[in-house]
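The values are calculated or read from the model by the stated rules, or taken from the named source; none is laboratory data. From a predicted model like this one, the values you see are computed outputs, not experimental measurements. A quick note on method: Cβ atoms are made from the backbone with ideal geometry, for glycine too, and the neighbour counts reach across all protein chains shown.
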Amino acid sequence: MSRESALVSADWVEEHKSDANVVLIEVDEDVSAYDAGHIAGAIKLDWKDDLQDPVRRDFVNQQQFQELLSARGVKNDDTVVLYGGNNNWFAAYAFWYFKLYGHGDVRLLDGGRKRWELDSRELTDDVVKREATEYVAKEPDLNIRAFRGEVEEAIGVKNLVDVRSPDEYAGRLLAPAHLPQEQAQRAGHIPTAASIPWSKAANDDGTFRSDEELKALYADAGVDFGKDTIAYCRIGERSAHTWFVLHELLGQENVKNYDGSWTEWGSLVGVPVALGDEPGQA
Amino acid sequence: MCGAKQGGLDLKGVDIDKEAVIQGQVLRGEEPVGGAYVRLLDASGEFTAEVPTSATGHFRFFAKPGEWTLRTLAPKADPVDRQVVAQYGAVAEVAVTV
């Protein structure tokens, strides 16, 4: 868990994209982005069709993840490099899946698709087909995933980090402003959660800020690094970005992503909700 | 700036009485710039959302009424900031030149 083991640069990808054991995987919110152009050799995972259970609100289970990666030609000992649009939101979300199901060597391309495009690096629409494998997923590591009961118990006890935009935190918006407003029944945030938008962890070009800047960001916003931390957003993808920062870049232990996030919490009966720009009371 | 202009994005299916829409096109000279990134910053300068432009250089945000800044990043160009006011009932249409 360090910047060196979890993050690669665009230059690293250029140097290693033809290595037999390096698998580039693009994961986007806009699932058509890959088809219009992707990094040479990269395969695609669809965050919804591939990574979500088609019936229940949950993500794919161990067996489904195993079958998915086997069909896409990923081996257990491959170095998986994830990247995507939206400042790597969904790539970070997929990174969290790979960790949850115990993949050994998984990394994120710093800056993702945006930095790559802004650098005018090459994209291709070549069809990539990898030979099927027999991937074995491990039992899910629930040390990095939080469920609603644990979140309720964490109010006023653990660090709760709300990584949505300030207007979503305060209850003035229900979703990111590039999406139609919909989803949760109620707006606001989980009481005592600190508002630390995911975007503060990244530069305009999508690359991550330095470790020193990141440490100061969370400490100044009230995160106690001696306590356990749960991050959440609207559906768990932006908070996977912050989970990546805290757990992988800064090496914090006991950081969980609450992927139920606001679409679950804001629709639950009987849970506390805080409105406005202040964290509120436990 | 306000009011959908001819040639702008199709508003079919968008209820502009309920959505404070900001949309527009990124241009380099007369040419649309696809694959640019438009960031929506709130009145305090805080990041709120970001979209890549379409092949025709278009982008759209569903904001809330108020003052916003659009920051546009494009290959081989310096970032460009544009101020915009969003409101219900009218589309804020913005042309950004990089």
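Odds and ends about this structure:
- Qualifying residue in the range A:161-177 (condition: in contact with a helix residue (DSSP H, G or I) (Cβ under 6 Å, 6 or more places away or on another chain), under 21 Å from A:Trp96 (Cα atoms) and within 14 Å of another protein chain (Cβ to nearest Cβ)): yes
- Number of positions in the range A:229-280 that are without any contact (Cβ under 8 Å) to a residue 60 or more places away in the chain and under 18 Å from A:Ala170 (Cβ atoms): 2
- Qualifying positions in the range A:227-282 - outside the structural domain of A:Gln183 (by TED's automatic domain parsing) and in a strand (DSSP E or B): A:Ala274
- Residue, surrounded by the most Cβ atoms within 10 Å (Cβ to Cβ), within the range B:51-63, restricted to residues that are in contact with a Phe, Trp or Tyr (Cβ under 6 Å, 6 or more places away or on another chain) and within 8 Å of another protein chain (Cβ to nearest Cβ): B:Val51
- The one condition in (1) within 25 Å of A:Leu246 (Cβ to Cβ); (2) of a type outside the set (Lys, Arg); (3) buried (at least 16 other Cβ atoms within 10 Å of the Cβ); (4) away from chain B (no Cβ under 14 Å) that A:Leu142 fails to fulfil: (3)
- Summed over the range A:153-168, the residues that are closer than 16 Å to A:Ala184 by Cβ and at pLDDT 95 or above give a count of 2.
- Residues in the range A:108-146 that are over 14 Å from A:Glu26 (Cβ atoms) and in contact with a Gly (Cβ under 7 Å, 6 or more places away or on another chain): A:Glu131, A:Ala132, A:Thr133, A:Ala137, A:Lys138, A:Asp141.
- Of residues in the range A:1-50 being in a helix (DSSP H, G or I) and acidic (Asp, Glu), the one farthest from B:Gly35 (Cα to Cα): A:Glu4
- Subset of the range B:64-76 (residues that are under 9 Å from B:Leu40 (Cα atoms) and either at the interface with chain A (Cβ under 10 Å from one of its Cβ atoms) or in contact with a Lys or Arg (Cβ under 6 Å, 6 or more places away or on another chain) (or both)): B:Trp68, B:Leu70, B:Arg71
- Filter result (modelled with pLDDT of 85 or more and under 11 Å from the mean Cα position of the chain (by Cα)) within the range B:1-40: B:Val21, B:Ile22, B:Gln23, B:Gly24, B:Gln25, B:Val26, B:Tyr37, B:Val38, B:Arg39, B:Leu40
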